[in-house]
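What follows is a single structure, written as structure tokens, with notes after it.
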Amino acid sequence: MKVDLSSISSSAIYHWMVGLITPRPIAWVSTRSADGVDNLAPFSFFNGVGANPPCLMFCPANGPDGGPKDTLANVRSTGVFAVNLVTEQVVEAMNISAGNFRPEEDEFEFASVQKVECDEIPVARVEAAVAAFSCELLQAIQLGTGPGGANLVVGKIVGLHVADSVLRGDRLNPEALSTVGRLGGASYCRTTDRFELPRP
């Protein structure tokens with residue numbers, strides 16, 4: 001089957017992409033508005049994009065009105081954000097925070113998520129997250145316009161918090177890191193089924 005992208009809607013293209021680009025890590029992004037309101041929202045177009053300098057990216061789509069969602073508006077106005085990792089322990093709260101909230105509403109409160117301040121930037125992070133990246137904005141690039149229009153946010157990692165529970169000495173213990181991946185639709189996957197291959 002050949003899918004003619006020029007003949008289908010952007011919504012249909014989205015469903016093909018999220019169904020095929022799997023599993024996707026989830027960036028649970030926390031920001032603070034210029035008025036001091038905390039925001040928390042998940043994005044599954046997310047990944048690391050290099051270690052020198054250490055950077056990551058996530059892609060918030062425009063809202064139904066064609067304007068930026070709260071996360072993007074906050075990042076643009078303050079220049080900072082945190083990315084919290086999503087594990088099985090917090091996946092239900094993450095799902096609640098994905099709802100449609102007004103700018104003056106705090107998703108931490110709606111999802112009953114305890115917050116703690118990042119050390120490096122004036123943003124709250126998810127206290128129960130096993131890891132959180134504190135980031136300074138490098139670029140926010142508008143890729144599309146109108147409802148669902150894509151945006152690319154690239155941040156420089158300026159701080160990293162990792163819970164002792166996922167460490168073995170001073171190194172990460174992969175067996176303890178039960179991150180959750182996003183599939184298509186309402187489907188998710190666990191990363192507890194692992195295997196290794198020899199390096200070529």
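The values are calculated or read from the model by the stated rules, or taken from the named source; none is laboratory data. No experiment lies behind these values; they were computed from the predicted model shown. Counting neighbours? That spans all protein chains shown, and the Cβs are built from the backbone with ideal geometry, glycine included.
Scanning the stretch 1-40 for residues that are closer than 30 Å to V123 by Cα and assigned to a helix (DSSP H, G or I) returns a single hit, V18. If we keep just the residues of the stretch 53-92 that are in a helix (DSSP H, G or I) and either of a type in the set (F, W, Y) or touching a strand residue (DSSP E or B) at 6+ places or on another chain (Cβ under 8 Å) (or both), which is nearest to R190 (Cα to Cα)? Out of the qualifying residues, it is V91.
Picking from S134, S165, which residue would you name as being touching a His at 6+ places or on another chain (Cβ under 9 Å) and either among the hydroxyl-bearing types (S, T, Y) or part of a loop (DSSP other than H, G, I, E, B) (or both)? Show your work before the answer.
On the way: S165 fails: touching a His at 6+ places or on another chain (Cβ under 9 Å).
Just one listed residue meets the conditions, S134.
If the condition is being surrounded by fewer than 18 Cβ atoms within 10 Å (Cβ to Cβ), small (G, A, S) and modelled with pLDDT of 95 or more, then the stretch 99-122 contributes only S112.
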